[in-house]
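Heads up, the thing below is written out as structure tokens.
The values are calculated or read from the model by the stated rules, or taken from the named source; none is laboratory data. Here the structure is a predicted model, which is why all the values come from computation and not from measurement. Quick reminder, even Gly has a Cβ in these numbers, built from the backbone with ideal geometry, and neighbours come from all protein chains shown. Just so you know, the surface numbers come from the protein's heavy atoms only, side chains and all, with ligands and any DNA or RNA stripped out. Shrake-Rupley method; radii C 1.70, N 1.55, O 1.52, S 1.80 Å.
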2 protein chains.
Amino acid sequence: MSAERTRLVPIGVVASPLTDPASAPKQGFEGAPEAWLVLEPGVLEALDGLRPGDRIVVLTWLHRARRDVLRVHPRDDAAAPLRGVFGTRSADRPNPIGLHEVEIVALEGRRVRVRDLEAVDGTPVLDLKPVLGSGGS
Amino acid sequence: MSAERTRLVPIGVVASPLTDPASAPKQGFEGAPEAWLVLEPGVLEALDGLRPGDRIVVLTWLHRARRDVLRVHPRDDAAAPLRGVFGTRSADRPNPIGLHEVEIVALEGRRVRVRDLEAVDGTPVLDLKPVLGSGGS
């Protein structure tokens, strides 16, 4: 892979009431709030066909994560044995890409409202994909 | 995001009998073969705790994809209406990150054998995560 090909270009950013990673839910289904995905004007065509009620996977870049961590105590529980990050959903990992399954609540121009997103305010968004078996193709 | 922080560093590469994206299954459950993930020696610690039978999400960099495509005919069916790529699983998209749910068949040193991977031989691997509700944490 050339450097040019492996450079991520954010397609947008998360706007959320969550600002502190330490106090944010670890998973969306653990009480995360609604949030906006504010997309770059240049990618809006890529939203064609998405509708409220659709379930999508949001990929984010967890910009506050550490990339040099290979083992963690799962769920930040110091009593839990260390485990390799590929067996956990820790944000700290060589390529800190976040994977969030959410439901679209509303689409307003370049803003997509979603339910149950645990990513904090300001998190760059990399991609949206349909959840398979949920009307996507 | 600084350029340094957004540069992806592959953690490994796919070794698969699939070599032609055009003839590969579109999804793993559509008849994809077993394949190896050959990991970089520097990340092996991050595998600690993963076992055969675990279901994981493999994130890949779809290095042959086009990044300037925003709308496609779903499933390459020219008769299907154009749709935004964020509503499809098309490889072509601004950040061509592949998302593959697979089962681990075997772990042998730096090689992880997985079932049902539709990514072609030579595809860079970015991350592994447990499928939630499948024994991960």
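Overview of values
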item	result
Choice from A:V69, A:V125, A:V105 showing the highest fluctuation, given a GNM over chain A with Cα pairs closer than 10 Å	A:V69
For chain B, radius of gyration divided by Kirkwood radius, i.e. Rg to Rh on alpha-carbons	0.98
Heavy-atom accessible surface of the protein assembly as shown: percent carbon and sulfur, 1.4 Å	50 percent
Gyration tensor (alpha-carbon) shape descriptor, the protein assembly as shown, a/c threshold 1.5	oblate
Rg/Rh ratio calculated on Cα atoms of region B:91-134 (Kirkwood radius)	0.97
Relative contact order of chain A, pairs being alpha-carbon contacts under 8 Å that are 6 or more residues apart, as %	39 percent
Interface residues in region A:57-84 - accessible area drops by 10 Å² or more relative to the isolated chain, probe 1.4 Å	A:V57, A:L59, A:W61, A:H63, A:A65, A:R67, A:L70, A:R71, A:P74, A:R75, A:R83, A:G84
For A:D77, label point 7 Å along C-beta direction: distances to other copies, nm	4.6
Buried area at the A-B interface (accessible, heavy atoms, 1.4 Å probe, summed, Å²)	5100 Å²
Per residue, in Å², the accessible surface of chain A once ligands and nucleic acids are set aside, probe 1.4 Å	43 Å²
Position B:T19, label points 7 Å along Cα→Cβ, spacing to each other copy in nm (shortest first, one decimal)	5.6
